[in-house]
Amino acid sequence: MKKLTLLVLGLVAGFMASAQMFVSTTPSNRNVVIEEFTGRNCGYCPDGHVIANQICNNNPGRVWAVNIHAGGYAPTSYPNFNTTVSTQICNGSGVSGFPAGMVNRSTAQAQGRGQWSGTASQQMAQASELNVGGQVVIDPETREASVTVEVYYTGNSAEATNYLTVYMIQDSIWGSQSGGSSNPAQWVGGQYCHMHVLRAAINESTWGDAIAPTTAGTLITKEYTYTIPEVIGSPNGVDVDINNIHFIAFVSEKTSGIRKVLSANMLEKSEGSDEPIYPVIKSVSQRAMAVCSQVKTFDFTLLNGGTENLTSIQYKIEIDGAVSEFEWNGNLAPKAGENISFDMEIPFGTHAGKLTIVKANGQDYPYEVEFTAVCEEWVETEPVDGETTTMKIYINQDQFGEQTTWKLINSLGEVVAQGGPYAHLISSGGTQLHVETIENLTTGADYLFNIYDDNDNGICCAFGEGWYKIKVADSYIIGMDEDNGEFGSQNSDLMRINRKPSAVGENAMSNLKVYPNPANSTLFVEGENIKTVEVYNSLGQMVADVEGSVKTTVNVASFDNGVYFVKVVANDGTVKTQKIAIAR
């Protein structure tokens, strides 16, 4: 069953902020859909899967692959991935051999796998006329999916009518695959784990549903109600596991000729119900920012999956037996969501956390979700002269340098430097040293260094004994020993670059730290010789005055979102001021 409603709103900026829910209104470049034509009897197709996966992994949130099983290499034995829409799309895409792919449908005919990466890069470098966003709310009892897609035009399309397509794809389907061992990441015990398989297009037309107008400033909202089948495919159909399905929406310029995709996005997915009160917690995650403290910030999305407005929840967080209680108050309409943050002190190491909703709208409501909390020990440099310094990162890559990347992140979660991937070395087990220099790096600050390996085995072993080290000023402070670059898919190092006091007054509050920034419910001020901590709003009004200590705690839970100024007064009268934000 498919029911759909089309709303077209020509909006002025003031109204748009309240009407639009999911889609960004900021101009951006094109996101990319790779429609990969494949089959279980195609021996070279796993190599195509590897290439498409690599492009997606290198561009998270920008590229999505869709495996379309059709044609002579797609058998009807179990698991049968053939569908009518898969065949129609394959037949209309000029496929002359397998594997082949349409990258944003930017060419007249499907391309060979060697061309996908270059075409994807070209597409991502182009400005898009629009942005796509939305959500899917699934009732696990009835399997009914309420799909909302928003398209916002940041520019004018070349065509007066464009076309919206919504794909349902499914991950983690086990079955046979010719040549599967050439993709070891998906080949286990002689079985192949099929990923992002196209199961259905939930729109009425194979090539998309018409949307208009296509001029700058237009917001189009399209809503579908789609009942997810228990099984898709005949004969030998495959169960549709609602825990492993995703929805991808994209807008094409035309339905014939070159059907260029203007942009795409994966829709947010959550549970819903016809119950009046049905709050859902989605994506509890630790904020990725550099903070040399055991107090960490976590984010989650609260979704209203019920039929009544959600006005309050009481919830608790438990980590290693330590429990903190929180409360949220607001007014969420059905299907709406809100991002919420909380701070907790975390012991060193990796820990299992649990978020439990205790009450919703004042009524008892048992709901639990688990998450992971990590607190890494950090290193501190010897005090460095000046407000800035130079960091050098030494990376001795293994043979597969194209799998290695890195990022340096500051306390706000911003990427201040990044590097890689590097070249593939011809010699088996070879290595090559790279020296990355980051100049004018702010001192008196915290940084997080993350190094990644796309093949989940670090920079080591039979592929070359790699390593990395980090030097600040004249001293090595952190890294992995030579001949010991085995870290799996990622390794992280947290560090604080201390600054030498430049004046007598700075000695009064050595190593002053104000965090987190932005803050949610609690603000911490750490340092020696602190007499008082005062907080002022943007109008200059004092909103908090707390007696100082080595670690001063300021309760900011009742503060409105916005910019504040923290005034720290030392015992000798020295004053330091820092700007922070309150954001929930």
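The values are calculated or read from the model by the stated rules, or taken from the named source; none is laboratory data. Just so you know, these numbers come straight off a predicted model, no measurement behind them. Virtual Cβ from ideal backbone geometry, glycine too; neighbours counted across all protein chains shown. With ligands, DNA and RNA removed, areas are computed over all heavy atoms of the protein, side chains included. Shrake-Rupley method; radii C 1.70, N 1.55, O 1.52, S 1.80 Å.
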For residues in region 392-427 being among the acidic types (Asp, Glu) and open to solvent by 40 Å² or more (accessible area, probe 1.4 Å), which is nearest to Phe449 (Cα to Cα)?
Glu414
If Glu382 satisfies every condition in (1) open to solvent by less than 60 Å² (accessible area, probe 1.4 Å); (2) touching a residue at least 40 places away in the same chain (Cβ under 8 Å) but one, which is the exception?
(1)
Please determine, by comparing only the residues of region 517-538 that are outside any strand (DSSP E or B) and closer than 27 Å to Ile340 by Cβ, which one is most open to solvent (accessible area, probe 1.4 Å).
Ser538
Is it true that some residue in region 306-327 is touching a residue at least 60 places away in the same chain (Cβ under 8 Å) and buried (at least 20 other Cβ atoms within 10 Å of the Cβ)?
no
For region 118-130, which positions are part of a strand (DSSP E or B) and open to solvent by 10 Å² or more (accessible area, probe 1.4 Å)?
Ala127
Among the residues of region 453-486, which ones are assigned to a strand (DSSP E or B) and open to solvent by less than 50 Å² (accessible area, probe 1.4 Å)?
Asp453, Trp467, Tyr468, Ile470, Lys471, Val472, Ile477, Ile478, Gly479, Met480
In the list Gly134, Gly189, Gly175, which residue meets the criterion of being of a type outside the set (A, V, I, L, M, F, W, C), touching a Lys or Arg at 6+ places or on another chain (Cβ under 8 Å) and either surrounded by 21 or more Cβ atoms within 10 Å (Cβ to Cβ) or farther than 24 Å from Thr107 by Cα (or both)?
Gly175
Would you check which residues across region 544-554 are surrounded by 17 or more Cβ atoms within 10 Å (Cβ to Cβ) and not in a loop (DSSP other than H, G, I, E, B) and list them?
Ala544, Thr552, Val554
Does any residue of region 435-443 turn out to be of a type outside the set (D, E, K, R), surrounded by 18 or more Cβ atoms within 10 Å (Cβ to Cβ) and farther than 20 Å from Ala288 by Cβ?
yes
If only one of Ala201, Ala212, Ala249 is in contact (Cβ under 8 Å) with a residue 40 or more places away in the chain and under 23 Å from the mean Cα position of the chain (by Cα), which one is it?
Ala249
Before we move on, is Ala264 touching a residue at least 12 places away in the same chain (Cβ under 8 Å) and touching a Gly at 6+ places or on another chain (Cβ under 6 Å)?
no
Residue that is most open to solvent (accessible area, probe 1.4 Å), among those in region 555-578 that are among the β-branched types (Val, Ile, Thr) and either without any contact (Cβ under 8 Å) to a residue 12 or more places away in the chain or outside any loop (DSSP other than H, G, I, E, B) (or both)
Thr577
For region 167-191, pairs from a residue that is in a strand (DSSP E or B) to a residue that is open to solvent by 70 Å² or more (accessible area, probe 1.4 Å) and among the small types (Gly, Ala, Ser), with Cβ under 7 Å and 6 or more apart or across chains, are Trp187/Ser181
Among the listed residues Thr38, Thr76, identify the single one that is in contact with a His (Cβ under 8 Å, 6 or more places away or on another chain) and of a type in the set (Ser, Thr, Tyr).
Thr38
